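See below for the structure under consideration.
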Amino acid sequence: FNSYHTFEAIVWELRRLCSSAPSICTISTVGTSIEGRSIFTVTLSGQPSGSKNKIWLSGGQHAREWVSPATVMYLLNRLITSYGSDTQITSLVDTFEFIVIPVCNPDGYDYSWTNARLWRKNRRNNGNNIYGVDLNRNWNNHWAESGSSNNPSSDTYHGKSAFSEPETKAISDYFLKNGAQGGGSVWQLAIDYHAYSQLILRPYHWGKATAPTEELLNRYGKGMAAAIKATHGLVYENIPGPGELKHLSSWRKRHQPRFR
């Protein structure tokens with residue numbers, strides 16, 4: 001974790017990690033990107049087996065935010081390699097089922113390595129040599145409202161319609177299928193990692209409305225901020241997300257209301 005890694009290297013490491021702990025870890029795909037790359041997910045669960053509340057960790061929606069997939073990979077590495085030796089981590093993995101997607105935007109991430117370091121969007125061909133949809137603004141929760149653009153050249157272009165992009169559609173389908181609405185267990189927690197400032201953003205993000213569980217979410221955010229400060233001395237601000245910043249966590253809160 002002293003350097004960033006290509007998409008191919010991340011996939012290789014995912015396979016290596018899961019092969020090192022097959023009793024608690026499986027790797028699969030939720031779908032494919034617009035250029036045909038697999039969107040890999042890792043499912044992590046200890047003993048006992050069976051239905052458990054779930055924790056979702058994802059990153060890499062915005063291609064240029066390399067620290068996002070790196071952070072998710074670091075968390076996954078710690079969960080797997082410390083299982084059985086660290087009592088706190090072992091308890092977490094035994095209690096919950098973790099669903100981890102390090103790179104939600106594999107095409108854009110790869111393009112940021114090979115062609116344009118600051119590329120942000122996916123690689124949708126919008127015509128006239130204009131490419132990309134901002135996946136974080138392509139979700140169907142308050143789509144095309146504040147903080148997004150209908151200009152295909154914009155870094156915040158929301159696409160022709162909600163879930164027009166195979167990446168967001170595949171990830172949303174997977175989330176719903178594996179949650180309570182799909183007959184699965186409750187999503188206990190969902191975090192999408194970005195690299196914009198030192199912020200912990202809570203739902204909702206389309207306006208000034210607060211989530212029904214705002215008190216609980218605020219307490220979680222304060223706990224995260226305190227833990228970060230105690231460990232690294234960094235100050236993270238815990239706030240309800242402004243409409244122009246994040247949309248995915250609002251979508252998740254809408255479709256899985258039973259965050260405990």
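Data for the structure
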{"item": "In range of the label at D94: residues from the stretch 36-53 whose backbone nitrogen is under 13 Å from the point 7 Å along Cα→Cβ", "result": "46-49"}
{"item": "Calculated log₁₀ intensity ratio I(q)/I(0) where the Debye formula runs over C-alpha points of the stretch 165-226, q = 0.23 Å⁻¹", "result": "-1.17"}
{"item": "Cleavage-rule hits, trypsin sites (Lys or Arg not before Pro), the stretch 97-130, DSSP coil, Cβ neighbours within 10 Å at most 13", "result": "R117"}
{"item": "Computed accessible area, L118, all protein chains, 1.4 angstrom probe, square angstrom", "result": "130 Å²"}
{"item": "Once the Cα gyration tensor of the stretch 15-59 is diagonalised, semi-axes √(5λ) in Å", "result": "23, 14, 8"}
{"item": "Against the rule of thumb 2.2 N^0.38 Å, how large the Cα Rg of the stretch 90-134 comes out", "result": "1.74"}
{"item": "Inter-site label distance for A227 and E13 at 7 Å from Cα along Cβ, in nm", "result": "2.0 nm"}
{"item": "Of A209, A195, A63, the one that fluctuates the most in a GNM where the chain has Cα springs shorter than 10 Å", "result": "A209"}
{"item": "Volume per residue that the Cα convex hull of the stretch 34-141 spans, once the total is divided by residue count, Å³", "result": "121 Å³"}
{"item": "Carbon/sulfur fraction of accessible area - the stretch 143-203, other protein chains in place, 1.4 Å, %", "result": "48 percent"}
{"item": "Antiparallel content of DSSP bridges confined to the chain, in %, to 5", "result": "45 percent"}
{"item": "Kirkwood-based Rg to Rh ratio, the chain, C-alpha trace", "result": "0.94"}
{"item": "For P152, net neighbour charge (Lys/Arg +1, Asp/Glu -1) across residues whose Cβ lies under 10 Å away", "result": "+3"}
{"item": "Among the listed pairs K52/K177; K54/K222; K208/K229; K54/K177; K54/K169, those beyond 24 Å (Cα-Cα)", "result": "K208/K229"}
{"item": "Average accessible area per residue (Å²) across the chain - probe 1.4 Å, nucleic acids and ligands excluded", "result": "47 Å²"}
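The values are calculated or read from the model by the stated rules, or taken from the named source; none is laboratory data. Only a predicted model underlies this, so the values are computations on that prediction, with no experimental measurement involved. Ideal geometry is used to build each Cβ from the backbone, glycine not excepted, and the neighbour counts take in all protein chains shown. Ligands, DNA and RNA are stripped out before the accessible areas are found, and what is left, the full protein with its side chains, is counted by its heavy atoms. Shrake-Rupley method; radii C 1.70, N 1.55, O 1.52, S 1.80 Å.
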